[in-house]
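K.L.:
This is the structure, below, for whatever I ask next.
Every number here is computed from the coordinates shown, using simple stated rules; none is lab data. Just so you know, these numbers come straight off a predicted model, no measurement behind them. Backbone-built Cβ (ideal geometry, glycine too); neighbour counts: all protein chains shown.
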Amino acid sequence: MKLFLTLLASLLLFAPFTQTSQAQIAVKGKMVYTMAGEPIENGVVLIRDGKIERVGRFAVPSGYEVMEAAVVTPGLIDAHTVVGLAGYLNQTDDQDQVERSAPMQPELRAIDAYNPREALVEWVRSFGVTTLHTGHGPGILVSGQTMIVKTVGNDVAESVINPAAMVAVTLGEGGREASGSPGTRSKMISMLRGELLKAKAYDPSKGTDLRLEAFKAVLDGKMRLLVTVERSHDILTTLRLAEEFGIKIVLDSASEAYLVTDQIKAAGVPVLTHATMARHSGERANATFEAASILRDAGIPFALQSGFEAYVPKTRIVLFEAGVAAANGLSFSEALASITIDAAKLLGVDDRIGSLEAGKDADIALYDGDPFEYTTHAIGVIIDGKVVSTDVR
C-alpha cells in the first residue's frame with residue numbers, strides 16, 4: 001500500500017504531458033554517454049527535425065533551444081515489460097496481458113490492447129525510459145504477441161515501432177493450467193510441437209487460420225519466440241525445440257541460465273535476464289544478482305528488463321535494474337548499454353535508437369547526477385526531437 005501511495009503521489013506531482021512541436025534543440029551535458037564510443041565531457045547533442053544532427057564537443061550554433069544536464073544518455077529501453085497492457089490500478093478493466101480462456105493464443109496482437117494513455121507509461125518515462133518491448137506476458141503456454149513502442153502519444157499509431165515483435169511462450173510452472181491442459185512439461189512441448197508442425201503445412205489459400213499464421217511467421221523468421229523459462233532443464237528443452245524447427249528464440253528471465261551458459265552460447269541465443277528485484281522464490285529460487293555479469297563473461301548477448309508484477313504498481317523501473325547489475329559485476333558503461341544500445345540490438349531496432357549518433361531518432365534522457373543513484377532525477381526526456389517530460393520535483 002505504501003508503494004502504491006508513493007506511485008500515486010508521484011504521478012500527481014509530475015507535470016501534465018504536453019507534446020511540444022519539433023524544434024532545433026541543443027542538449028548540453030557535463031558528461032554525454034553516446035553508447036557509440038567514449039563518453040564526451042562537456043558534450044553537445046544537436047537535434048533537428050526529430051533526428052540527431054550532430055554529437056560532439058563544440059560551441060552551440062545560433063538558433064538552437066538549449067537544455068542542460070549533468071548527465072545525458074540515450075533514451076532508456078525496457079527490453080521486456082507488460083506496461084500498457086497491464087495498468088497500475090490492478091483492476092479487471094486494465095489487465096489485458098494474459099487471456100486465460102485457452103492455453104495457446106499466438107494470434108492475439110499486443111497492438112489491439114496497448115493503451116498509450118496508461119499512467120504507467122508516463123511513470124516509466126519519468127525515469128528516462130523512452131522505448132518499451134511490451135505485450136502479452138507470461139502466465140499461459142502461449143499468451144500472444146509482443147510489440148515495440150515509444151512511451152509517447154495518445155494513439156498507439158503515434159508510438160509503435162514494431163507492431164509484431166515476438167510470440168510470448170511460457171514453459172515450466174508458469175505455463176501450467178491448474179484445471180486442464182497442459183499440466184506437465186512434456187505436454188507443453190508436445191502442444192507447441194504439434195502447432196509448429198501444422199504451421200509448416202499451412203496453406204493460406206485454403207482458408208485463413210490466425211493461429212497458424214502467427215506460428216508460420218515464427219517458422220519464416222519474421223517473428224521470434226520469446227520463451228519465459230527459469231529452470232536449466234527447461235532452458236535446454238527450449239534450445240532443442242528451436243534447433244528442431246530452425247526457429248529464432250529469445251530466452252526470457254532464465255534464472256538458471258548460469259548453469260547452462262555453454263549450451264546457450266553454442267546455440268547463439270540471447271537472454272533477457274530476469275529482473276533482479278523479482279522475488280527469488282519458486283522456480284526463481286536459484287536466481288542471482290550476478291546474472292548479467294555471468295552472461296557477459298560467457299559472451300552471451302543480453303539485455304535487462306523490468307519484467308512484470310502481479311500487484312500494484314504493476315511494474316519495476318529498468319533504470320534501477322541496471323543499477324543493481326552495476327553493483328554486481330557490470331561496469332557503469334556495460335550496465336547502461338544493457339538498457340540502451342545492447343537492448344536495441346537484441347530487439348532489432350538499433351538502426352533507430354539505443355545510441356546518440358547522427359541520423360538516429362532523437363530519444364534522449366537528461367539527469368541531474370549519476371543515473372544509477374537512487375536520489376538522481378531525470379530532469380528531461382526527449383522523444384523524436386520533442387520535449388515530452390520535464391521534472392518539477
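K.L.:
I want the antiparallel fraction of DSSP beta bridges within the chain, as a percent rounded to 5. Before the final figure, lay out the partial values.
P.N.:
Details: 36 of 64 bridges.
Close to 55 percent.
K.L.:
Which residues in segment 251-278 have a backbone N closer than 16 Å to a point placed 7 Å from the Cα of N162 along the Cα-to-Cβ line?
P.N.:
Under 16 Å, as judged by backbone N against the label point of N162, lie 251-252, 269-273 of segment 251-278.
K.L.:
Kindly state, to the nearest 0.05, the FRET efficiency for T92 paired with F58, given R0 = 41 Å and r defined as their beta-carbon distance. All intermediate terms of the calculation are to be shown ahead of the outcome.
P.N.:
Numbers: r = 54 Å, r/R0 = 1.32.
Once the sixth-power term is evaluated, E becomes 0.15.
K.L.:
So, one more: Averaged over every viewing direction, what's the projected area of the C-alpha convex hull for the chain? Give it in nm², one decimal, please. Don't skip to the end; give the middle numbers.
P.N.:
Working: hull surface 76.6 nm².
One quarter of the hull surface, i.e. the mean projection, equals 19.1 nm².
K.L.:
What is segment 241-313 by shape, rounded, prolate or oblate, if you read a ≥ b ≥ c off the alpha carbon gyration tensor as root eigenvalues and call it rounded for a/c under 1.5, prolate for a/b larger than b/c, and oblate otherwise?
P.N.:
Details: a/c = 2.03, a/b = 1.55, b/c = 1.31.
Prolate shape, in that a/c is at least 1.5 and a/b is the bigger ratio.
K.L.:
Express in nm, to one decimal, how much length is gained between A310 and E373 on full extension, taking 0.36 nm for each residue of separation and deducting their alpha carbon distance.
P.N.:
Working: separation 63, 0.36 × 63 = 22.68 nm, distance 2.63 nm.
Between A310 and E373, full extension yields 20.1 nm more.
K.L.:
In Å, the Kirkwood hydrodynamic radius of segment 219-283 over pairs of distinct alpha carbons?
P.N.:
On the way: mean 1/r = 0.0827 Å⁻¹.
After inverting the pairwise mean of 1/r, the radius is 12.1 Å.
K.L.:
To continue, here is another question. Subtract the Cα-Cα distance of T390 and R117 from 0.36 nm times their separation in residues, and report this length gain in nm to one decimal.
P.N.:
In short, 96.5 nm is gained.
K.L.:
In debye, nearest 20: dipole of segment 76-347 around its Cα centre with unit charges on the Cβ of K, R (+) and D, E (-)?
P.N.:
On the way: 26 positive and 32 negative charges, 99 e Å.
Taking the Cα centre of segment 76-347 as origin, the dipole is about 480 debye.
K.L.:
Now a separate question. Using 7 Å Cα-to-Cβ label points, what is the R279/S333 separation (nm, one decimal)?
P.N.:
4.0
K.L.:
Okay, next question. Could you work out [θ]222 nm for the chain from helices alone, using -39500 (n - 2.57) per DSSP H run of at least four and dividing by all its residues? Round to the nearest 500 deg cm²/dmol.
P.N.:
Details: 11 runs with 100 residues, N = 393.
Calculated mean residue ellipticity at 222 nm is -7000 deg cm²/dmol.
K.L.:
How do 74-80, 247-253, 358-364 rank on mean C-beta neighbours within 10 Å, highest first?
P.N.:
74-80, 247-253, 358-364
K.L.:
Over segment 320-387, what is the relative contact order in whole percent, taking alpha-carbon pairs under 8 Å and six or more residues apart? Numbers along the way, then the final one.
P.N.:
Working: 76 pairs, mean separation 15.2, N = 68.
The normalised contact order for segment 320-387 reaches 22 percent.
K.L.:
Name the GluC sites (Glu not before Pro) in segment 115-214 that are in a loop by DSSP and that have at most 15 other C-beta atoms within 10 Å, would you? List each step's numbers first, then the result.
P.N.:
On the way: sites: E118, E122, E158, E173, E177, E195, E213; in loops: E118, E177.
Qualifying residues, ordered by number: E177.
K.L.:
For L197 and E68, compute 0.36 nm times the residue count separating them, minus their Cα-Cα distance, and round to one decimal in nm. Spell out each step's value before the answer.
P.N.:
Details: separation 129, 0.36 × 129 = 46.44 nm, distance 5.60 nm.
Once the chain is fully extended between L197 and E68, it gains 40.8 nm.
K.L.:
Turning to a different aspect of this structure: Using a/c under 1.5 as the rounded threshold, could you call segment 162-256 rounded, prolate or oblate? The axes a ≥ b ≥ c are square roots of the C-alpha gyration tensor eigenvalues, and prolate needs a/b larger than b/c, oblate otherwise.
P.N.:
Numbers: a/c = 1.91, a/b = 1.46, b/c = 1.31.
Verdict is prolate for segment 162-256.
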